[in-house]
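Have a look at the structure below, then the notes.
The values are calculated or read from the model by the stated rules, or taken from the named source; none is laboratory data. Here the structure is a predicted model, which means the values were calculated and not measured. Cβ: placed from backbone, ideal geometry, glycine included. Neighbour counts: every protein chain shown. Note: areas computed on protein heavy atoms with side chains; ligands, DNA, RNA excluded. Shrake-Rupley method; radii C 1.70, N 1.55, O 1.52, S 1.80 Å.
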Amino acid sequence: RRSVILAQGIRSVSAHVTLAPPLPTRPPNMWSTWPVALAGAAAVAAGHPAPISDALLSSALAEVLAHADVSQGPRIAPAWTANMTQLFAAGTLGHAGHGVGSYAHDQAGRRWRATWCSNLTLFHTAGDEFCIDKLSVDLHGTSPFCSNMTMGTGDGTVCHTELLPFHDQFGILALASKVGSSSVAGVPCDLWYAAVTAQGQNMTASACVSADGVPREFNMTTGLAWKAGSEIKYAFSNPRIGVVSEDAFAPSEACASKYPMPACEGGKEALTLYRVHSKIDALTLANRNVGDALGDMAFFCDLSGMDATQLVTKWAVEVDSAWGQYALCIFQGGKNVCYGHTGKHVGRESALGLGKGAAQGQCSANEEIGNWFSFPDVGECVPGAAVGTNGCTWRATPVRSVLAGCIIKDMGLQAMCALERGHAPMLKSAAIFAAALETSDPAKGGCPDASASGPGSSNSSWIVV
């Protein structure tokens, strides 16, 4: 659900890809002084979240660049900062149109940072501020902080990390060929294009690089089935060429001192939750993201490109409600993994991490916009065991599955979403959604049963909610 860039809405692919050989040493900065305890605490968790495009494309790009002549691409300025606008392909972010922020690039220091905010109007017509601070730094090791993302604003920020090495944001351009010339905002630039196929993913990248070595525009298609993560588009303006200050790459307070978030106080609780998945995906919640009916409206009411043939499954869940940090769970490397959760604890956040609750709703009821959950496999109870047995934190039983198209079109969810958009809580939309999975009787708003066809995890790159 996040990482739309975060799942849906956000629910966000890193690799060791560089335009120049790594230097033997890197100028020291405050990263080297981070407490060793941070890495130890992070190791407790099974994984760490980050933007999807980074997590899912890394190995594919690394494989291609390892066996290709990478000398043909454009010259990228070794150090620069710029104003940045990010355009979104679909979904909540796409409806808002764009995010505005800044970018810092330091090729010799092997680090970059992209920070942007967007005004999301899904829940309130006046909008809610949604901010992401994405930082990638070569720490010459396996620290989860090589690639991290801070989401939110003020005291509500939460740090998400991923156990992936540093990657160069513009690495794919090393495979690009010059295809012409153009201009961006009146600045002349050369057009470059690359197409890559690896590990079943078809990726393309294009850029218009000005004479100073700054990409004035950079576009990339990822080949992901998840529509909101299928395109990445940046525009850069007002570049400042030259050495970038150490402060530009300082860790966020959330990553420096609040990761992972401690678990809330809780007890045993019964929940009805829902998950979107392909027909060949396993009926399990292990290392998956799900939502309650209201929380899933952030997904169903706003993610463009919803595949009507996807299944939606209703689950009866028993949990230990000592909620941990919400994790991004994705299919990667042949299996489902979760990035950034608090050990065995079931993760929770408000939909899109917005709303009134602290720490993006981890310990709040989130009654206005609903909840998203993440289920680490290490917390699942063995069959027949009660929650709490040997420290297990959850058990789940599938109730029934229906086609997403039935809910969206036949039962009128799409039309109701249009009426309720900007007026949270979207209770009528959530009621239509829940009724479609409550019964198969169309007179009561129900959809007919549909079944999954595969016993194991699929190779779908959807972030499931």
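Here is a yes/no grid of residues against (1) assigned to a loop (DSSP other than H, G, I, E, B); (2) out of contact with any His (no Cβ under 8 Å at 6 or more places or on another chain):
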| position | (1), (2) |
| --- | --- |
| S374 | no, no |
| G384 | yes, yes |
| T397 | no, yes |
| V402 | no, yes |
| K409 | no, yes |
| K428 | no, yes |
| A431 | no, yes |
| A443 | no, yes |
| D449 | yes, yes |
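Out of D292, D307, D320, one residue alone is of a type in the set (D, E), more than 29 Å from M411 (Cβ to Cβ) and open to solvent by 10 Å² or more (accessible area, probe 1.4 Å). It is D320. For G154, the conditions (1) modelled with pLDDT of 90 or more; (2) within 25 Å of Q325 (Cβ to Cβ); (3) not β-branched (V, I, T) all hold with the exception of (1). For L283, are the conditions met, namely being assigned to a loop (DSSP other than H, G, I, E, B), modelled with pLDDT of 90 or more, of a type outside the set (D, E, K, R) and surrounded by fewer than 24 Cβ atoms within 10 Å (Cβ to Cβ)? Answer is yes for this residue. When the residues of the stretch 433-461 are filtered to those that are modelled with pLDDT of 95 or more and under 27 Å from the mean Cα position of the chain (by Cα), the one that is farthest from G127 (Cα to Cα) is L437. The residues on offer are K314, K335, K344, and the sole one that is in contact with a Pro (Cβ under 8 Å, 6 or more places away or on another chain) and over 28 Å from I408 (Cα atoms) is K344.
For the stretch 98-147, the candidate set comprises residues that are in a strand (DSSP E or B), within 20 Å of E231 (Cβ to Cβ) and of a type in the set (A, V, I, L, M, F, W, C); within that set, the residue that is modelled with the lowest pLDDT is L120. Among residues belonging to the stretch 172-186 that are within 16 Å of S210 (Cβ to Cβ) and of a type in the set (S, T, Y), point out the one that is surrounded by the most Cβ atoms within 10 Å (Cβ to Cβ). Top of the filtered list is S182. Exactly one residue among A418, A396, A435 is among the hydrophobic types (A, V, I, L, M, F, W, C) and either buried (at least 20 other Cβ atoms within 10 Å of the Cβ) or touching a strand residue (DSSP E or B) at 6+ places or on another chain (Cβ under 7 Å) (or both), and that residue is A396. Within the stretch 232-274, restricting attention to residues that are of a type in the set (D, E) and in a helix (DSSP H, G or I), which residue is surrounded by the fewest Cβ atoms within 10 Å (Cβ to Cβ)? The extreme case among them is D247.
Among the residues of the stretch 327-353, those that are part of a loop (DSSP other than H, G, I, E, B) and either open to solvent by 10 Å² or more (accessible area, probe 1.4 Å) or farther than 27 Å from Q201 by Cβ (or both) comprise G333, G334, T342, G343, K344, H345, V346.
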